[in-house]
1. Those residues that are within 20 Å of G28 (Cα to Cα) and either of a type in the set (A, V, I, L, M, F, W, C) or without any contact (Cβ under 8 Å) to a residue 40 or more places away in the chain (or both), I need them from segment 72-98; list them, please.
2. Does S101 satisfy being in contact (Cβ under 8 Å) with a residue 40 or more places away in the chain and among the hydroxyl-bearing types (S, T, Y)?
3. For segment 91-141, what are the residues that are surrounded by fewer than 21 Cβ atoms within 10 Å (Cβ to Cβ), in a strand (DSSP E or B) and of a type in the set (S, T, N, Q)?
4. Return the residues of segment 142-168 that are more than 27 Å from S101 (Cα to Cα), of a type in the set (S, T, N, Q) and either crowded, with 16+ Cβ neighbours inside 10 Å or touching a Phe, Trp or Tyr at 6+ places or on another chain (Cβ under 7 Å) (or both); say none if nothing qualifies.
Amino acid sequence: MALEHGMIEPFEPDQIRHKNDQRIVSYGTSSYGYDIRCSDEFKLFTNINSTIVDPKNFDSNSFIDVKSDVCIIPPNSFALARTVEYFRIPRNVLTICLGKSTYARCGIIVNVTPFEPEWEGYVTLEFSNTTPLPAKIYANEGVAQVIFFESDEVCETSYKDRGGKYQGQQGVTLPKI
């Protein structure tokens, strides 16, 4: 289905566990889902400006941009990133995304909202470091698993029909109203 509908680009039909003879956090096709990768574009929360985090009036100065093969998230802090993969969700499919256990066992929580029918774009990933220590996220390696639910009917109103505000997002996308 992923190839037929061009749902995931680039698409990896296998589960990749090694790169350059080194073990990595796996990505690619899994038993009933797809393990997505994190790109090398991060937005790291900073308290330099002491602003209030307000989803209705978000101040982009709350983040600093980092482009790197790794992102070090300070203790009890937060970062945003985007996927390597671009998604096109068919009208009869809904996805749920869950963090990989490798990161969860390190106190790193990955939160991603569902990909609704006919949503498309790069996925913005949210990482919370719940530990009292700095935590490392690896770019171009697996960070979460997407599980796909196919309906026997198409939805009445898709994300595209509603003109969803995150439709076609290209980079790490901040909150919008």
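Derivation of every value follows stated rules applied to the coordinates shown; laboratory data play no part. All of these numbers come straight from a predicted model, not from anything done at the bench. Cβ: placed from backbone, ideal geometry, glycine included. Neighbour counts: every protein chain shown.
1. Within segment 72-98, the first condition is being within 20 Å of G28 (Cα to Cα), and the residues that meet it are 81-90, 93-98.
A81, V84, F87, I89, V93, L94, I96, C97, L98, listed by residue number.
2. Taking the combined requirement at face value, the residue does not satisfy it.
3. N111, T124, S128
4. S158, Q167
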